[in-house]
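Student: Structure provided below as structure tokens; questions to follow.
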Amino acid sequence: MKSNALLLSKPGPFRRMESQFKRWAIWEIYTKKRKCMGSFFWVSLVLLMAWSGCGQADKPGNPPATSAPERADSGSGRVQPGESSLPAPPGSGVSNTPPQRPESISKDPKVIRLERRDLTLGGQKPAEKDPLRLSYPNDPDTINAITASDTVSDAFQSRVYESLAQADYTDPDNLLPCLATHWDFDPETLTFTIYLRRGVKWHPMQLPNGKPLPQREFTSQDVKFTFDCVLNPHIEAAHIRSYYEDPEEKGPSRRYKIQVRVVDDYTVKIRWTKPYFLAKEFTLAAVAIIPRHVYSVNERGEPISFDFSSKEFAEGFNNHWANRMMCGTGPMMIKEWVRDNRLVLVRNPDYWGAPYFFSEVIYQCIPNPNTSTQMGLQNDLDWVGVAEKDRFLQCLEHPNVKSGKVIAHAYEYPGYRYIGYNLRRELFKDKALRWALAYATPVDRMIKEVFQNQAVRVTGPFLPGSS
């Protein structure tokens, strides 16, 4: 288990928004700012100029197998007795008579804080003019939320796109509402009935010819479209699609473990064909929802194809004109991307929930890690990645660190090193030999001399103290 460092100028409330699957932070250094910090860019070893205050922040399990249908409370993610959701009929047509929506008002303080529009998640008024200055090493090929699989694009997208639900970092088993206000789960049919947030607007978007696309409201058609794209075998989204594939089924009609059906504009049903211990997460929190009105049309605004499962549509989607832009529902929206120079996000004035504290997020493209480290130490960047532990330890001797302008704090990062044996070789088939090699490995000496005491002994791929 690697031991990481978080450097803060003033201890205080501080929260980070993590990516769903990708984490960069190994070491972090922060310098102080007078305002609260928000979600940050995960990198291997990090320098940050932190402003004092509290920050903007704030994916898991098998649906409970009970004998009665259950309802997820949007405020807690726990299930409560409720009405049964009917199994999805064949087809995916839209119902003309939408069912009555269950009550979605939550008394959970965490949900109330998410939904109020006057204060940030840290309880402060958003800054009128206060940019967050970050860096990234190289431009990604695409920032399409479905096809991109690198950590840089993931960081860009984290403030722009949203999923149906989001992680509750105070309770790993819980999900908080996001684009969905609440949801039901029927264990008899393995069906989630998801009730969407009304009045959410997609960010403004222009075609390559400068003609603006009409601004649209987020609806269940966008949810269905997003999953159609993920499940299209010709779209470059294997890193997501593999979680929905059934390796035991060879026929194309039964290839995937989920079926998505639109009920009405604000209700969607997602049915799993088999029990899956990650069904809740991969239904609600693992996929960023993208706008159908943008990614279903070509550069002239005409439909690419009306069949979103076709190869024709996939070719247009993989090479879409918007792959170097972003159109989401999140608290920040893209202002500009100058390749090899910078990407700038600005606050979304139409955001449905708590505003982002910073007025802008400015990512500077800095390929040389030594340059970004020095810029961080000199307060030219607010958060910088430091890739090597030796260089990080050198940072601890910098005058700005010693004076408290940059502060270090060590924390444990969920990554581990191990020795793997090829069990096809006769030598390593002997369990006693493998035990002997394990006991002979000088772990404590390696921690001290190789990792310079910046690691923690573990006995397996589990966080210390985890159950």
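Student: What do you reckon, is A238 of a type in the set (A, V, I, L, M), within 23 Å of R117 (Cα to Cα) and at pLDDT below 95?
Tutor: When the stated conditions are applied, A238 does not pass them.
Student: Also, I was wondering about something else. Only one of V344, V401 is farther than 24 Å from F156 by Cβ and surrounded by 12 or more Cβ atoms within 10 Å (Cβ to Cβ). Can you tell me which?
Tutor: That would be V401, the only listed residue that is farther than 24 Å from F156 by Cβ and surrounded by 12 or more Cβ atoms within 10 Å (Cβ to Cβ).
Student: Between a residue in region 370-399 that is under 28 Å from D130 (Cβ atoms) and of a type in the set (F, W, Y) and any residue that is at pLDDT 85 or above and outside any helix (DSSP H, G or I), which pairs come within a Cβ distance under 7 Å, given they are 6 or more apart or on different chains?
Tutor: Close Cβ pairs (under 7 Å, with a partner that is at pLDDT 85 or above and outside any helix (DSSP H, G or I)) amount to W383/L134.
Student: Follow-up. Looking at this structure, is G330 part of a helix (DSSP H, G or I) and out of contact with any strand residue (DSSP E or B) (no Cβ under 8 Å at 6 or more places or on another chain)?
Tutor: no
Student: Since L377 meets every condition but one in (1) among the aliphatic types (A, V, I, L, M); (2) more than 21 Å from A155 (Cα to Cα); (3) surrounded by fewer than 21 Cβ atoms within 10 Å (Cβ to Cβ), which condition does it not meet?
Tutor: Every listed condition holds for L377 apart from (3).
Student: Going through region 102-155 one residue at a time, which ones are in a loop (DSSP other than H, G, I, E, B) and closer than 22 Å to P367 by Cβ?
Tutor: Result: P137, N138, D139, P140, D141, T142, I143, A148, S149, D150.
Every residue, every condition in (1) farther than 22 Å from Q157 by Cα; (2) of a type in the set (A, V, I, L, M), yes or no:
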{"position": "T189", "(1), (2)": "yes, no"}
{"position": "G210", "(1), (2)": "yes, no"}
{"position": "F227", "(1), (2)": "no, no"}
{"position": "I235", "(1), (2)": "no, yes"}
{"position": "D246", "(1), (2)": "yes, no"}
{"position": "R254", "(1), (2)": "yes, no"}
{"position": "I270", "(1), (2)": "yes, yes"}
{"position": "T273", "(1), (2)": "yes, no"}
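Student: Run W337 past the list (1) under 21 Å from P187 (Cα atoms); (2) assigned to a strand (DSSP E or B); (3) out of contact with any Pro (no Cβ under 7 Å at 6 or more places or on another chain) and report the number of the one that doesn't hold.
Tutor: Looking at each condition in turn, W337 falls short on (1).
Student: Could you please tell me which pairs satisfy a Cβ distance under 6 Å, a separation of 6+ or placement on different chains, a first residue in region 267-294 that is within 19 Å of D228 (Cβ to Cβ), and a second residue that is modelled with pLDDT under 95 and assigned to a helix (DSSP H, G or I)?
Tutor: F282/Y243
Student: Mind checking whether some residue in region 302-318 is surrounded by 14 or more Cβ atoms within 10 Å (Cβ to Cβ), part of a loop (DSSP other than H, G, I, E, B), touching a helix residue (DSSP H, G or I) at 6+ places or on another chain (Cβ under 6 Å) and not polar (S, T, N, Q)?
Tutor: yes
Student: What helices (runs of 4 or more DSSP H), lying completely within region 351-467, carry at least 2 residues that are of a type outside the set (G, A, S) and under 30 Å from D139 (Cβ atoms)? Break it down into steps so the answer makes sense when it comes.
Tutor: Values: elements: 369-377, 389-395, 399-402, 431-440, 443-449.
In region 351-467, the matching helices (runs of 4 or more DSSP H) lie at 369-377, 389-395.
Student: Take region 410-430 and flag every residue that is at pLDDT 80 or above and under 17 Å from G460 (Cα atoms).
Tutor: Y418, I419, G420, Y421
Student: Here is a further query. Take the residues of region 260-285 that are among the hydrophobic types (A, V, I, L, M, F, W, C) and within 20 Å of S310 (Cα to Cα): which is surrounded by the fewest Cβ atoms within 10 Å (Cβ to Cβ)?
Tutor: V262
The values are calculated or read from the model by the stated rules, or taken from the named source; none is laboratory data. The structure displayed is predicted, hence computed values, not measured ones. All Cβ positions, even for glycine, are placed from backbone atoms using ideal geometry, and neighbour counts span all protein chains on display.
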